Amino acid sequence: MQKKSVALSLILFVIAATQVNAQGFHLGVKAGANIFKVDGQSFKQGFEFGYNVGAFAELNFTSVIGIQPELNFNQTNYHTGDHFGDIFPGGPNDVKGKLRYLSIPILLSIRPIPLLSLQLGPQFGILLNGDQHLVDNAGDAFKKGDFSLVGGAQLNLGSLKVGGRYIIGLTDINDLGNGNASNPEKWKNQGFQVYAGFRIF
């Protein structure tokens with residue numbers, strides 16, 4: 001299902017690219033910081049710093065509206081709680097780890113003024129590091145795919161782009177089940193992202 005979603009996104013990107021003229025199509029690179037957490041009762045709820053780096057395209061249909069698809073490498077740092085092992089027997093308490101995703105946001109971009117873009121859209125994520133076991137004699141703790149909603153704003157300073165976003169995970173990325181929790185144990189990526197980018201052409 002995740003592969004189909006990514007393939008459909010790429011097809012839509014190609015179709016959209018053919019609908020804009022040369023003046024409305026631009027490419028650039030970007031990098032910044034992730035201030036994320038894995039939201040779930042078995043994790044500490046403090047935000048952890050990670051990074052993001054990638055490339056973006058601007059497909060402007062008019063001077064006001066367009067889409068901004070991106071291809072990013074995102075790092076989410078997590079921190080298990082003091083009672084992780086009580087919920088998931090054999091799991092480590094108070095341990096930090098990293099999740100590295102290939103993320104594909106496809107954002108509607110609305111420019112009420114040339115200086116400012118308001119952006120909203122879905123983000124598809126593919127987990128790249130598959131060694132996050134956490135619990136002995138169990139499979140990977142995290143699912144391979146993630147689906148999120150992204151919303152934020154971007155300043156357009158000529159070729160320089162500076163932005164901030166909030167990303168809300170919609171997919172339960174827990175691949176271990178409920179453990180000993182009385183309620184279903186759902187884990188979701190969530191957090192802030194800030195970045196600077198530069199339009200190449």
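Here, each number is a calculation from the coordinates, and none is a lab measurement. This structure is a prediction, so every number in the text was calculated from the model and none was measured. Here the Cβ is made from the backbone with ideal geometry for all residues, glycine too, and neighbour counts use every protein chain on show.
Local charge for residue 26 was computed over the other residues whose Cβ lies under 12 Å away, with Lys and Arg +1 and Asp and Glu -1, and equals +1. Ranking of 63, 117 by neighbouring Cβ atoms within 10 Å, starting from the fewest: 63, 117. Compared with the direct C-alpha span, the chain from residue 159 to residue 55 gains 36.1 nm at full extension, assuming 0.36 nm per residue.
Cross-linked pairs 44/144; 37/161; 30/186: Cα-Cα separations exceed 27 Å for 30/186. Taking 0.36 nm per residue of separation and subtracting the current Cα-Cα distance, fully stretching the chain between residue 71 and residue 140 would add 22.4 nm.
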